[in-house]
Amino acid sequence: SGGRRSLIIANWKLNGGIDLMCTSIATLVGKEFDTDIAVCPPYIYIRDMLSLLHHSEVQIGSQNVSKFESGAYTGETSAEMLKKVGCSLCLIGHSERRQMFRENNISCNIKVKNALIHGLVPVLCIGENAEEKEAGITKDIIFRQIDEGLKEIQDYEGDVCIAYEPVWAIGSGKSADPELAQEVHQFIRKCLKEKYGAGFAQKNRILYGGSVSRKNACELLEKPDIDGLLVGGASLDPEHFLQICTQC
Ligand code: PEP
């Protein structure tokens, strides 16, 4: 799509353990992919996964990152730490974090900048909830999430990634219709263009997330503005995730 290499990310959330780590590694290592592949396990597994994935193309990302650089912030993990250990990217502002951990566009913006400063690709998650969709304000919500979440990043180098994840589609089994998803992705690209120019909008990837499975992955990836997928539930089955990564 637009010459951008697709990116498929597994988001394990608060799931899995040593078993899932080992079976995922065994399933993914030694395979060749036409797309970029990343796994975001719970923090505790990041280091082991990175060493077991040595020499593999599979990247590791975190599910969150601290707003802070260092100091008295119990329980936090900084962008610098994640980068130094070998992570490539970090999810920022996942809807579960917005809903349950008080993340908002302002905290997301700080995290996006922290990621960029330290050379991690921020994957900013955005999307409307069911009421907002019902009220017909999807585009207003998304415009705001981009405008505020990506505020004043023009002086930072590095790629940025957007994950469009309609909240009603996450974990519900009700994926967005590919046509509808494409329409929103096209709108997101327009927002990126208006904010930071055509080059920025052209090079940066926009992923779709929300009940992605082997059944709908290819149809979504065929759309011109869908540059990859963020996969939750289906990524907890390594064979299923592998199929999503290789079948299209
Ligand atoms: C997610 O939470 O990032 C997600 C896409 O979940 P699921 O695939 O389970 O809908």
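Suppose the filter is modelled with pLDDT of 95 or more, over 15 Å from the mean Cα position of the chain (by Cα) and away from the ligand (no atom under 14 Å from the Cβ); does Q186 pass it?
Criteria met by Q186.
Cβ-Cβ distances below 7 Å connect the following pairs, each with a first residue in the range 47-62 that is closer than 16 Å to T27 by Cβ, a second residue that is charged (D, E, K, R), and a separation of six or more residues or different chains: Q59/D36.
Residue-by-condition table, conditions (1) in contact with a Cys (Cβ under 8 Å, 6 or more places away or on another chain); (2) more than 16 Å from the ligand (Cβ to nearest atom); (3) modelled with pLDDT of 95 or more:
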| site | (1), (2), (3) |
| --- | --- |
| M81 | no, yes, yes |
| K84 | no, yes, yes |
| V112 | no, yes, yes |
| G127 | no, no, yes |
| K133 | no, no, yes |
| T138 | no, yes, yes |
| E148 | yes, yes, yes |
| E165 | yes, no, yes |
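Could you tell me whether E194 is over 18 Å from the mean Cα position of the chain (by Cα) and away from the ligand (no atom under 16 Å from the Cβ)? Considered against the rule, which asks whether it is over 18 Å from the mean Cα position of the chain (by Cα) and away from the ligand (no atom under 16 Å from the Cβ), E194 comes out as yes. Of the residues making up the range 25-63, just one is buried (at least 17 other Cβ atoms within 10 Å of the Cβ) and of a type in the set (D, E, K, R), namely D36.
If you filter the range 110-125 down to residues that are out of contact with any strand residue (DSSP E or B) (no Cβ under 9 Å at 6 or more places or on another chain) and of a type outside the set (A, V, I, L, M), you find that the one that is surrounded by the fewest Cβ atoms within 10 Å (Cβ to Cβ) is G119.
Specify which of the listed residues (F241, F200, F187) is in contact (Cβ under 8 Å) with a residue 60 or more places away in the chain and of a type in the set (F, W, Y).
Numbers: F200 fails: in contact (Cβ under 8 Å) with a residue 60 or more places away in the chain; F187 fails: in contact (Cβ under 8 Å) with a residue 60 or more places away in the chain.
Checking each option against the conditions leaves just F241.
Could you figure out which of (1) within 16 Å of the ligand (Cβ to nearest atom); (2) under 17 Å from Y156 (Cβ atoms) isn't true of E96? Among (1) within 16 Å of the ligand (Cβ to nearest atom); (2) under 17 Å from Y156 (Cβ atoms), E96 violates only (2). Residues in the range 208-248 that are among the hydroxyl-bearing types (S, T, Y) and either part of a helix (DSSP H, G or I) or away from the ligand (no atom under 11 Å from the Cβ) (or both): S235, T246. Every condition in (1) within 16 Å of the ligand (Cβ to nearest atom); (2) at pLDDT 95 or above; (3) of a type in the set (A, V, I, L, M); (4) part of a loop (DSSP other than H, G, I, E, B) is met by I153 except one, and the failing one is (1). Looking across the range 158-185, the residues that are surrounded by 15 or more Cβ atoms within 10 Å (Cβ to Cβ) and in a helix (DSSP H, G or I) come down to V167, W168, A169, P178, A181, Q182, E183, V184, H185.
The values are calculated or read from the model by the stated rules, or taken from the named source; none is laboratory data. Note that the structure is a prediction, hence the values are computed from the model and not measured. Positions of Cβ are generated from backbone atoms using ideal geometry, with glycine treated the same way; all protein chains shown enter the neighbour counts.
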